[in-house]
Amino acid sequence: MSENQKKILEMLANKKISVDEAFQLLSVLKTEASAPESTAEAGTTVKPKPKYLRVTVQPSSGHEHDDYAERVNVRVPMSLIRSGIKFTSLLPPEARDKVTGALHDKGIDFDMRNLKPEDIETIIEALNDLEVDVVSSNEVVKVFVES
Amino acid sequence: MKRPPMLMRVQIHGEKRRFLIWLPLFLLLPLALLLLIILLPLILVAIIILRLRGRGSHLPPVIRASFGVLCSVRGIKTAFDVLCSMPGLRVDVSNRNERIYVYVI
């Protein structure tokens, strides 16, 4: 406990300040104490590399014991995704054109021919921030990255 | 350095039967490699035929054949990369009565 915190509690004990005032003062002290640490952390913290892509499907609350309730828990190593993307380079040009065309039809303007190894790393790094939560009446689907 | 997976655990729990197997991939991979070496001439012939009949038929056969082998070697390398990336893969699908669990170590 710091000196300032002791002083605040003493003032509260001596009824010089109210409980609300003491709470506010303690909150301010706490904020001041944590602020320099968080800024220092923000400057130095490096996000850990994503290791696994996780996909989970759980029945929503109230449906856990239903007969049709299914649970899915998939953990895919990022290296497997990386290798899988590299595998696309082996696709014959005709097949690649078909995939690109199909994506274009769906409104996704993405040409697989332009995919370079450095792009793959960027995609993998960007996945670090991925978090998808889909909640329906029966199921909860979560897609996230585990470091 | 990447290493190929050592073991694969496959577990199937059904209403009537239960099944659990540890596949020793470190024993199966040399067999697969041996099979690949045996089949390599056939693969080579298939690639040559496909190249002759398909795209790039204006090129000399030697270049086409070399290109075909190069392609297949690259393909084998990429497939091996995928295989080496599999450790850690876990798939667990279950419902009230059944469960399928696959884990690669």
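The values are calculated or read from the model by the stated rules, or taken from the named source; none is laboratory data. All of these numbers come straight from a predicted model, not from anything done at the bench. All Cβ positions, glycine included, derive from the backbone under ideal geometry; neighbour counts span all protein chains shown.
Summary of computed values
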read-out: Selection within the range A:45-67 - at the interface with chain B (Cβ under 7 Å from one of its Cβ atoms) and either of a type in the set (Phe, Trp, Tyr) or in contact (Cβ under 8 Å) with a residue 40 or more places away in the chain (or both); value: A:TYR52
read-out: Among (1) in a helix (DSSP H, G or I); (2) over 22 Å from B:LYS77 (Cα atoms); (3) more than 17 Å from the chain's Cα centre (by Cα) - the single one A:GLY107 does not satisfy; value: (1)
read-out: B:ARG55 at pLDDT below 90 and either outside any loop (DSSP other than H, G, I, E, B) or touching a Leu at 6+ places or on another chain (Cβ under 8 Å) (or both); value: no
read-out: Residues (closer than 11 Å to B:ASN95 by Cα and of a type in the set (S, T, N, Q)) located in the range A:57-78; value: A:GLN58
read-out: Single unsatisfied condition, A:ASN73 versus (1) exposed (fewer than 14 other Cβ atoms within 10 Å of the Cβ); (2) within 11 Å of chain B (Cβ to nearest Cβ); value: (1)
read-out: A:PRO93, sole failed condition from (1) over 27 Å from the mean Cα position of the chain (by Cα); (2) closer than 30 Å to A:TYR68 by Cα; (3) not small (Gly, Ala, Ser); value: (2)
read-out: Members of the range A:89-147 found to be β-branched (Val, Ile, Thr) and under 21 Å from A:SER79 (Cα atoms), listed by number; value: A:ILE120, A:THR122, A:ILE123, A:ILE124, A:VAL132, A:VAL143, A:VAL145
read-out: Qualifying residue in the range B:3-12 (condition: at negative phi, within 14 Å of another protein chain (Cβ to nearest Cβ) and at pLDDT below 80); value: no
read-out: Within the range B:79-105, tally of residues that are out of contact with any strand residue (DSSP E or B) (no Cβ under 7 Å at 6 or more places or on another chain) and either at pLDDT below 80 or more than 7 Å from chain A (Cβ to nearest Cβ) (or both); value: 5
read-out: Of all residues making up the range A:114-144, the number that are hydrophobic (A, V, I, L, M, F, W, C), at pLDDT 90 or above and surrounded by 11 or more Cβ atoms within 10 Å (Cβ to Cβ); value: 4
read-out: Members of the range A:72-88 that are touching a residue at least 24 places away in the same chain (Cβ under 8 Å) and more than 23 Å from A:VAL141 (Cα to Cα); value: A:ARG82, A:ILE85, A:LYS86, A:THR88
read-out: Residue that is farthest from B:ILE105 (Cα to Cα), among those in the range A:76-93 that are hydrophobic (A, V, I, L, M, F, W, C), facing another protein chain (nearest Cβ under 7 Å) and assigned to a helix (DSSP H, G or I); value: A:LEU90
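For every residue, the table says whether it meets (1) hydroxyl-bearing (Ser, Thr, Tyr); (2) surrounded by 11 or more Cβ atoms within 10 Å (Cβ to Cβ); (3) modelled with pLDDT under 75; (4) touching a His at 6+ places or on another chain (Cβ under 9 Å).
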| position | (1), (2), (3), (4) |
| --- | --- |
| A:GLU3 | no, no, yes, no |
| A:ILE8 | no, yes, no, no |
| A:VAL19 | no, no, no, no |
| A:VAL28 | no, yes, yes, no |
| A:THR31 | yes, no, yes, no |
| A:GLU41 | no, no, yes, no |
| A:THR44 | yes, no, yes, no |
| A:PRO48 | no, no, no, no |
